[in-house]
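J.: One structure follows; several queries about it will come next.
The values are calculated or read from the model by the stated rules, or taken from the named source; none is laboratory data. This structure is a prediction, so every number in the text was calculated from the model and none was measured. Backbone-built Cβ (ideal geometry, glycine too); neighbour counts: all protein chains shown.
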Amino acid sequence: MFTGLVQAVGQLQRCSGGVELRVSAEAGLDPAALALGDSVAVDGVCLTVTERSAHGFKADVSEETLARTTLAAKADRRGWVNLEPALRLADRLGGHLVSGHVDGLGTVVAVEQQPASWRLVLRWANPAYGRYVCEKASVAVDGISLTVADCSADGAEFWIAVIPHTWSSTTLRQLRVGDAVNLEADLLAKYTERLLGWRQERDANTASAPAIDAGWLAEHGWS
């Protein structure tokens, strides 16, 4: 698990058997502190450290992951990525719970500088994922925990206000209109949808449906 609080940026490149990440000299992530088998979110994609070096680490990446994320394109052009090591149980949860399992790609619709922030407008490549987006919801964009400022009626297009610190310390400042980004919706929204969907299927086969009240929520682990 991760929090979506980026700790470093690194440069991605291909190597035999996967990708190699070379961490920039000014980055706040020390490769020596990583152990083989550790999980690191790379632009929001959970990868496993398979080899370390003085400058970074290597990770094996499946064809499925390369096909569903921006990692392949970034590795080909030695692009920059956001990095976050896995969350410790004693760490502060400053962002939101991020699994590192990208739901889908998004496209940058607009990048606008405001007096005290940047306005970033994004659109899901698959509009169906818009059902997980609402005003003030959490979303991970290239592994960065961000808050939705507003969205379209179907949630397929949404915009985010990015503060200067986040803008300057992540790869967001490199985004241009038309660029692709990795998006992960809030875990709580997906689990809630699954739980309520299961309940509706079950209740369709019963004479009466129990009300969703405090007792029902406690019974199903929401207390």
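J.: Among (1) surrounded by 14 or more Cβ atoms within 10 Å (Cβ to Cβ); (2) aliphatic (A, V, I, L, M); (3) at pLDDT 95 or above; (4) not in a loop (DSSP other than H, G, I, E, B), which single condition is Ala110 missing?
T.: (1)
J.: Just to be sure, is Thr166 in contact with a helix residue (DSSP H, G or I) (Cβ under 8 Å, 6 or more places away or on another chain), at pLDDT 95 or above and under 30 Å from Asn82 (Cβ atoms)?
T.: On the way: in contact with a helix residue (DSSP H, G or I) (Cβ under 8 Å, 6 or more places away or on another chain): yes; at pLDDT 95 or above: yes; under 30 Å from Asn82 (Cβ atoms): yes.
So Thr166 passes the test.
J.: Let me ask something else. Among the residues of the stretch 65-73, are any in a strand (DSSP E or B) and modelled with pLDDT of 90 or more?
T.: Within the stretch 65-73, not a single residue is in a strand (DSSP E or B) and modelled with pLDDT of 90 or more.
J.: Further question on the same structure: May I ask you to list the residues in the stretch 147-172 that are surrounded by 14 or more Cβ atoms within 10 Å (Cβ to Cβ), in a helix (DSSP H, G or I) and either more than 14 Å from the chain's Cα centre (by Cα) or touching a residue at least 60 places away in the same chain (Cβ under 8 Å) (or both)?
T.: Residues satisfying the conditions are Thr166, Trp167, Ser169, Thr171.
J.: If you don't mind, another one. Filter the stretch 78-96 for residues that are surrounded by fewer than 17 Cβ atoms within 10 Å (Cβ to Cβ) and of a type in the set (A, V, I, L, M); which is modelled with the highest pLDDT?
T.: Among those that are surrounded by fewer than 17 Cβ atoms within 10 Å (Cβ to Cβ) and of a type in the set (A, V, I, L, M), it is Ala86.
J.: Now for a separate question. List the pairs whose first member sits in the stretch 1-21 and is among the basic types (Lys, Arg), whose second member is assigned to a loop (DSSP other than H, G, I, E, B) and at pLDDT below 90, and whose Cβ atoms are under 8 Å apart, counting only residues at least 6 apart or on separate chains?
T.: none
J.: Still on this structure, please answer the following. How do the pairs read when you match residues in the stretch 192-221 that are surrounded by 10 or more Cβ atoms within 10 Å (Cβ to Cβ) with residues anywhere that are part of a loop (DSSP other than H, G, I, E, B) and at pLDDT below 70, using Cβ under 7 Å and keeping only pairs 6 or more apart or on different chains?
T.: Sorted first by the residue in the stretch 192-221, then by its partner, the pairs are Asp203/Ala209; Trp216/Pro210; Leu217/Ser223.
J.: Condition first: in a strand (DSSP E or B) and surrounded by 14 or more Cβ atoms within 10 Å (Cβ to Cβ). Can you find one or more residues in the stretch 127-135 that meet it? I'd like the intermediate steps shown before the answer.
T.: The first filter runs over the stretch 127-135 and keeps only residues in a strand (DSSP E or B), leaving none.
Checked the stretch 127-135: no residue is in a strand (DSSP E or B) and surrounded by 14 or more Cβ atoms within 10 Å (Cβ to Cβ).
J.: Another question, then. Are any of the residues in the stretch 203-219 in contact with a Ser or Thr (Cβ under 6 Å, 6 or more places away or on another chain) and modelled with pLDDT of 80 or more?
T.: Here is the first cut: in the stretch 203-219, the ones in contact with a Ser or Thr (Cβ under 6 Å, 6 or more places away or on another chain) are none.
No - not one qualifying residue is present in the stretch 203-219.
J.: Within the set of pairs 6 or more residues apart or between chains, which connect a residue that is touching a residue at least 12 places away in the same chain (Cβ under 8 Å) and closer than 15 Å to Cys46 by Cα inside the stretch 96-110 to a residue that is surrounded by fewer than 16 Cβ atoms within 10 Å (Cβ to Cβ) and polar (S, T, N, Q) with Cβ atoms less than 6 Å apart?
T.: Gly104/Asn126
J.: Would you check if Arg123 is surrounded by 15 or more Cβ atoms within 10 Å (Cβ to Cβ), outside the structural domain of Lys74 (by TED's automatic domain parsing) and at pLDDT below 95? Full working, then the answer.
T.: Details: surrounded by 15 or more Cβ atoms within 10 Å (Cβ to Cβ): yes; outside the structural domain of Lys74 (by TED's automatic domain parsing): yes; at pLDDT below 95: no.
No; evaluated as a whole, the condition is false for this residue.
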